[in-house]
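Q: Handing you a structure now.
The values are calculated or read from the model by the stated rules, or taken from the named source; none is laboratory data. Keep in mind that what you see is a predicted model, and the values were worked out from it rather than measured. For neighbour counting, all protein chains shown are included, and Cβ atoms are generated from backbone atoms with ideal geometry for every residue, glycine included. Surface areas here come from the heavy atoms of the whole protein model, side chains and all, with no ligands, DNA or RNA. Shrake-Rupley method; radii C 1.70, N 1.55, O 1.52, S 1.80 Å.
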Amino acid sequence: MEETIELRELIETVWKGKWIIAGLTALFMLIAGGVSWFVLPEQFESKATVQVASEVQDTGIMASYVAAEFTPVIFSQRIKNESLMNEAFVEQGINEKLSMDDISATVQANTNIVDLKYTSTSAEKAQEHLELFINKTKERMNTSVKRTLTELEKTYTSEANQLSGEIESLIEQYNKLIVSNELPEMLVLQTLVNSQIIMTVSDAQSQALSNVNGALHNELMQMQAQVESKSTEYRKVLDKYQSVKTGLDSFRPDPFIRTIVEPTIPENPSAPSKLLNVAIAMIIGLMAGLGIVFFRQYWRNSSPTK
């Protein structure tokens, strides 16, 4: 019985304050509608999908450097770089500033696919700016790899020059040792071409060869081995240099970053969600109205005079 009376009292309280509840609800909905339709700027969202694949072609010695730069994670970090994207705006003469909330990049799990979203104040701007950001990110990643390869090219050039100097020094010492001991000049030629040569020698050269002792023989063999070792190392460095040089001249980012879905032109604004705002305002208005009505009833019932 008490529960029935309490429920009846609650219903009566709400009914007595129905105009307050209705008025507050209508007021909140009116404010939310006015703000949504006439105050908040419309936002348009353009979407694109990009594939970042570093293994699309055999790049030889460049493979590790390309694989380190062309990853979905690196791409998503670069395209969300606020200063880099604002630099793209400046280059195109666009007087706008990018906010980190305007662009998002999500890497699909266990794939090399990146989903991109960008919001702007117009549909055309959203599509154009997102395409601009993708191209700018490609350019920066391309520049990063080329900068690394350029430094690598300088390193190999320095190593090759150093090895070349060491080989020249060893050959010069070897030649001096041959001449000082009046040995046949064919030993010099044999060292240079790294092969055995059959030649006719004079009696004096034969006599000099017969006088070669163990220490001189060991010294000549050690120097020849050093020349051969340095020459082998020099050829490897030259091969690496040529590989880097060829890759640097022909490198392009397009095979590694492919736009699977081109930036879209949104047909309708993505924000603000006008109907959702009005619905939320209606709920808040109802709650506020009920709160005021019940507080008024409580205040009356708790009055000392009553």
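Q: So how many residues does segment 81-96 have that are closer than 18 Å to ASN142 by Cα, under 16 Å from the mean Cα position of the chain (by Cα) and open to solvent by 70 Å² or more (accessible area, probe 1.4 Å)?
A: Residues in segment 81-96 being closer than 18 Å to ASN142 by Cα, under 16 Å from the mean Cα position of the chain (by Cα) and open to solvent by 70 Å² or more (accessible area, probe 1.4 Å): 1 in total.
Q: Restricting attention to segment 129-157, which residues are closer than 13 Å to PRO263 by Cβ and surrounded by fewer than 18 Cβ atoms within 10 Å (Cβ to Cβ)?
A: GLU131, ASN135
Q: If you go through segment 147-163 one residue at a time, do you hit one that is under 15 Å from ARG78 (Cα atoms) and in contact (Cβ under 8 Å) with a residue 40 or more places away in the chain? Spell out how you get there, then give the answer.
A: Keep residues of segment 147-163 that are under 15 Å from ARG78 (Cα atoms), which gives none.
The answer is no, given that none of the residues of segment 147-163 is under 15 Å from ARG78 (Cα atoms) and in contact (Cβ under 8 Å) with a residue 40 or more places away in the chain.
Q: Hey, another quick one. For segment 235-266, how many residues are modelled with pLDDT under 85 and assigned to a loop (DSSP other than H, G, I, E, B)?
A: The total comes to 6.
Q: If you don't mind, another one. Among what's in segment 97-116 and is surrounded by 15 or more Cβ atoms within 10 Å (Cβ to Cβ) and touching a helix residue (DSSP H, G or I) at 6+ places or on another chain (Cβ under 8 Å), pick the residue that is modelled with the lowest pLDDT. First the steps, then the outcome.
A: Quick first cut of segment 97-116, residues surrounded by 15 or more Cβ atoms within 10 Å (Cβ to Cβ) only: 98, 102-105, 107, 112-116.
In the following step, the residues that additionally are touching a helix residue (DSSP H, G or I) at 6+ places or on another chain (Cβ under 8 Å) were identified as 98, 103, 105, 107, 112-114, 116.
Details: LEU98: 77, ILE103: 89, ALA105: 92, VAL107: 92, ASN112: 89, ILE113: 93, VAL114: 94, LEU116: 94.
Top of the filtered list is LEU98.
Q: Which of the residues spanning segment 87-129 are farther than 23 Å from VAL52 by Cα, free of Cβ contacts under 8 Å to residues at least 60 places away in the same chain and part of a helix (DSSP H, G or I)?
A: Correct list: PHE89, VAL90, GLU91.
Here is a yes/no grid of residues against (1) aromatic (Phe, Trp, Tyr); (2) in contact with a strand residue (DSSP E or B) (Cβ under 7 Å, 6 or more places away or on another chain); (3) open to solvent by 80 Å² or more (accessible area, probe 1.4 Å); (4) closer than 30 Å to SER36 by Cβ:
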| position | (1), (2), (3), (4) |
| --- | --- |
| LYS236 | no, no, yes, no |
| ALA281 | no, no, no, yes |
| MET287 | no, no, yes, yes |
| ARG296 | no, no, no, no |
| SER302 | no, no, no, no |
